[in-house]
Amino acid sequence: MKVRVGVVGVGHRGMSFVHALAKMEDVTLVALADLHPQRLQLAAQEFDVDRQFTHLSEMLDSVKLDAVLILTPDLAHHPQTLKSLAAGVHVLVEKPPAYTVAETQEMAAAAEKAGKHLMVAWNRIFALRRVKELFAQEPPKLVLVNFVRPNPAYLALIRNHAVDVLHFICGEPADIVAQGEMFNEQQEGHVLASIRFRNGILGQLTSSFGTGGHSEQFTAYGNGYTVFIESTSRGQGRIMRGGQEMEVLGPVDSTALQIRHFIDCIKDDKAPLTSGREAVRIMRLMWSIMDAAGIGMPPLPDDGRGWLLWCTCGARVIPNLEMCPQCGQEWAGWSIPIESVRKI
Ligand SMILES: NC(=O)c1ccc[n+]([C@@H]2O[C@H](COP(=O)([O-])OP(=O)(O)OC[C@H]3O[C@@H](n4cnc5c(N)ncnc54)[C@H](O)[C@@H]3O)[C@@H](O)[C@H]2O)c1
């Protein structure tokens with residue numbers, strides 16, 4: 001069986017998904033959609049995709065699909081997921097699924113009602129499957145996760161990759177103590193949380209935005225092992241026991257692994273690791289940490305522009321520019337008005 005896939009959003013993230021999809025023999029990339037005409041055309045030419053659309057709704061109305069990959073900016077995820085599920089297709093949506101627990105619950109319920117699989121693209125967990133396996137019999141005692149980026153960010157904890165990783169290894173929380181600090185009225189700076197999980201694991205989370213660094217490390221201690229992961233994005237690291245290095249973990253492509261998982265879940269009709277229901281649990285943990293840290297939902301920027309992304313080179317978020325003045329990287333997401341992003 002070949003799974004017929006459509007992709008909406010062929011920007012920075014969308015292109016890496018399309019590259020991975022193009023290598024899968026059991027997937028046919030049937031259609032692409034993006035607001036940005038040149039981007040759409042370039043992607044369609046490179047991957048030889050005939051059907052191109054500006055909006056997701058046109059794609060769903062015109063082409064028969066098994067699944068849609070939603071790789072648009074955050075604010076589009078909730079409405080586009082609901083639309084796709086109502087059209088009867090499986091959905092893989094980029095993280096975060098939404099900004100609130102209630103919206104995520106709505107998405108999970110819509111998937112159940114439609115009888116379709118919903119998966120959220122928290123890809124880091126696919127780089128940590130060996131770690132999960134190592135602690136399958138007995139959980140670690142202590143887990144430390146950090147996520148650090150150069151610039152402040154809107155709802156940084158909800159949008160980053162620390163909590164999903166923590167939840168994957170540690171499960172459900174029992175008790176949370178946290179402190180947090182906003183960078184300014186709309187953007188987060190730092191969150192520090194200590195969490196006692198129901199299975200006894202002690203977790204420590206550091207989310208730090210706006211001081212120039214770049215890191216996403218993971219460390220676990222317990223069951224006779226110490227695990228050091230240098231980057232949760234690729235999973236490279238080492239497992240130690242008795243002072244000796246037991247195993248070296250090489251880098252993996254967590255994006256390709258998660259797409260493989262999604263396609264397998266469709267073919268085998270099994271729930272994805274980061275299903276809609278699991279996404280609700282992860283979002284609940286995020287909001288519990290935010291609440292404990294005294295950080296609520298900051299107001300959306302009122303300049304009407306989609307400035308919620310920041311440049312990977314470390315330059316400050318600069319609204320309404322099509323390229324980063326520091327490194328020249330083009331990034332249309334910066335300059336799309338929020339009402340256009342939300343348009344389905
Ligand atoms: N997992 C990860 O490591 C990771 C890394 C980066 C980004 N992301 C997530 O991926 C998502 C996309 O980020 P990006 O960096 O690719 O952004 P981007 O701006 O590079 O790409 C988004 C694309 O979506 C298109 N678009 C926007 N609104 C649309 C709409 N309503 N209909 C059709 N097309 C629309 C834009 O024209 C653009 O081409 C974000 O939600 C972000 O959080 C995840």
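Structure data summary
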read-out: Residue-averaged [θ]222 nm for the chain, counting only DSSP H segments that reach four residues, each worth -39500 (n - 2.57); value: -9500 deg cm²/dmol
read-out: Calculated from backbone phi, Karplus (6.51, -1.76, 1.60) coupling profile of the range 101-109 in Hz, x at Gly/Pro; value: 5, 4, 5, 5, 4, 4, 5, 5, 5
read-out: Residues H77, H55 arranged by fewest to most Cβ contacts within 10 Å; value: H55, H77
read-out: Of the trypsin sites (Lys or Arg not before Pro) in the range 152-200, those whose Cβ has at most 14 other Cβ within 10 Å and which sit in DSSP loop; value: R198
read-out: Gyration tensor (Cα) of the range 1-146, equivalent ellipsoid semi-axes in angstrom; value: 29, 19, 15
read-out: Karplus-derived HN-Hα couplings along the range 115-125 (A = 6.51, B = -1.76, C = 1.60, θ = phi - 60°), whole Hz, x at Gly and Pro; value: x, 10, 7, 10, 10, 9, 7, 7, 6, 4, 5
read-out: Tail beyond 39 Å, pair distance distribution of the chain (Cα, percent); value: 12 percent
read-out: Alpha-carbon spread of the range 158-283, three principal axes, descending order, Å; value: 45, 41, 32
read-out: Table column - 3J(HN,Hα) (Hz), the range 65-76, Karplus curve with 6.51, -1.76, 1.60, x for Gly and Pro; value: 10, 8, 8, 10, 9, 9, 10, 8, x, 2, 5, 8
read-out: Net charge, Q217 excluded, C-beta distance under 14 Å - Lys, Arg +1, Asp, Glu -1; value: +2
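Rule-based calculations on the coordinates, nothing more; no lab input. In this text, all values refer to a predicted model and were calculated from it rather than measured experimentally. Heads up, the Cβs are rebuilt from the backbone with ideal geometry, glycines too, and the neighbour counts pull from every protein chain shown.
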